[in-house]
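Structure, as structure tokens:
Just so it is clear, none of the values below were taken in a lab; they were calculated from the coordinates. Here the structure is a predicted model, which is why all the values come from computation and not from measurement. Counting neighbours? That spans all protein chains shown, and the Cβs are built from the backbone with ideal geometry, glycine included.
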Amino acid sequence: MEDSLARLDERVRSWPLRDGWMGRLLYGEACACRYAAGELVHREELVLLDGGVFQGAMSPDLSSAWHVLGVWRKALKGNPKDLLGLARPGEEALRADHAGDVPEFFYDPDWNEPDRLLAWRRTLSQSVSLPPVAAAAVVGDAWLELVPDQHGAWRAPLLAALVLRLRGKTRSMLLPIDTGRRHVRSLAGNVHTQEARVGQWIDWIGSAVERADKDRSALVLAEEQLRLKCRGLRDNARLPDLVDLFLSRPLVTVPLAAKALRCSTQAVEGMMAQLGSIPREVTGRRRYRAWAV
């Protein structure tokens, strides 16, 4: 698995579509994260909300997914050593960082988050002796078991992804582990032992690598087909910009494209016609339609 993960990272390292591919993955990861918490968020709604053209009512689940999306984006730009807290000097400083009053109505005053966080930090430090994938699995599992943040269990896959990046396995990406988790059949019954739980995490990571590589292959093919439609156009043509939008979003609507490209909806509809059947309509509706590649 570590070899396949390293190969995937190497393939996307200098790939021109890497940022768009990673952006597409993060939309799916945010939805998968909320799915793991028992919430169903439609990727279409999240894309439209993020693009500033969502017309529906904001639900708590959609708001949570948007927050998760923002956190992953910040993590993608950050230094994993800093984000994991490895640059902080000593445990006393960590205790001071989390000192202070918290509202008891929302938080259990006996939860003792600083001590739980310190215990997780010890696990993180001890994981350096393990292979990268095993270390990520142990760190993610420890976060779910210790729950240093009462409302932050969803951060476990992100922390595991940061460990993989810190260990040099994913220098060019953050692996969307919850997406992999969503496509792995759960074991029957509860998983009580650490060995079984860590084994589950490794399965999730393997599934995430497989899904991400499939998305990469599909995007390569889609780009080849879409770029053919841009041959022979004028230098100021907007069709290549629409193609770039399709390659960076899981789906595109006419209002979303019009806002992103700063043109009229009529112009977007004309360009959609030029692209023909390559972008497929995914809603099956006559109004509020969306296309994807």
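A few notes on this one:
- Loop-resident chymotrypsin sites (Phe, Trp or Tyr not before Pro) (DSSP state other than H, G, I, E or B) in the stretch 144-223 with no more than 15 further Cβ atoms inside 10 Å of their Cβ are absent.
- What the Cβ-Cβ distance of MET1 and SER125 gives, at R0 = 25 Å and to the nearest 0.05, is a FRET efficiency of 0.60.
- Straight Cα distances below 27 angstrom link LYS169 to the lysines LYS74, LYS77, LYS81, LYS214, with same-chain residues fewer than 8 positions distant left out.
- Surface/4 of the Cα convex hull for the stretch 229-292, nm²: 4.2
- Peptides 117-124, 165-172 ordered by average Cβ neighbours within 10 Å, highest first: 165-172, 117-124
- The chain - mean residue ellipticity at 222 nm from DSSP helices (-39,500 (n - 2.57) per run, n ≥ 4, rounded to 500): -19000 deg cm²/dmol
- Residue-count net charge about HIS183 - beta-carbon cut-off 9 Å; Lys, Arg +1, Asp, Glu -1: +3
- Convex hull of the stretch 2-213 built on C-alpha atoms - directionally averaged projected area, nm²: 13.2
- Our estimate of slack between GLN274 and LEU40, defined as 0.36 nm per intervening residue step minus the Cα-Cα distance, is 80.8 nm.
- Phi angles across the stretch 33-47 convert, under the Karplus curve 6.51 cos²θ - 1.76 cosθ + 1.60 with θ = phi - 60°, into 3J(HN,Hα) values of 4, 6, 5, 5, 8, x, 10, 9, 10, 7, 4, 4, 5, 5, 5 Hz, Gly and Pro given as x.
- Computed extension length for ASP82-GLN225: 47.4 nm, one decimal, from 0.36 nm per residue of separation with the Cα-Cα distance subtracted.
- Projected over every direction and averaged, the convex hull enclosing the alpha-carbon atoms of the stretch 135-191 yields 4.5 nm².
- For the chain, with +1 on Lys and Arg beta carbons and -1 on Asp and Glu, the positive-most of VAL71, VAL53, SER207 along the dipole: VAL53
- Under 12 Å, Cβ to Cβ, from THR123 - net charge with Lys/Arg +1 and Asp/Glu -1: +1
- The 3J(HN,Hα) values that the Karplus relation (6.51, -1.76, 1.60; θ = phi - 60°) gives for the stretch 74-81 are, in residue order, 5, 5, 5, 8, x, 8, x, 5 Hz. Gly and Pro appear as x.
- Between 0 and 90°, nearest 10: helix 156-166 axis offset from the chain longest Cα axis: 90
- The simple Förster model, with R0 at 25 Å and r as the Cβ-Cβ distance, assigns TRP15 and LYS259 a FRET efficiency of 0.40.
- Relative contact order [Cα under 8 Å, 6+ residues apart], the chain, whole percent: 21
- Linear extension gain, TRP111 paired with ARG286, 0.36 nm per residue minus alpha-carbon span: 57.8 nm
- Net charge of the neighbourhood of GLY52, taken over other residues with C-beta under 14 Å away and scored Lys/Arg +1, Asp/Glu -1, is +1.
- Positive-end residue of TRP21, ALA142, VAL243, charge dipole of the chain with Cβ unit charges: VAL243
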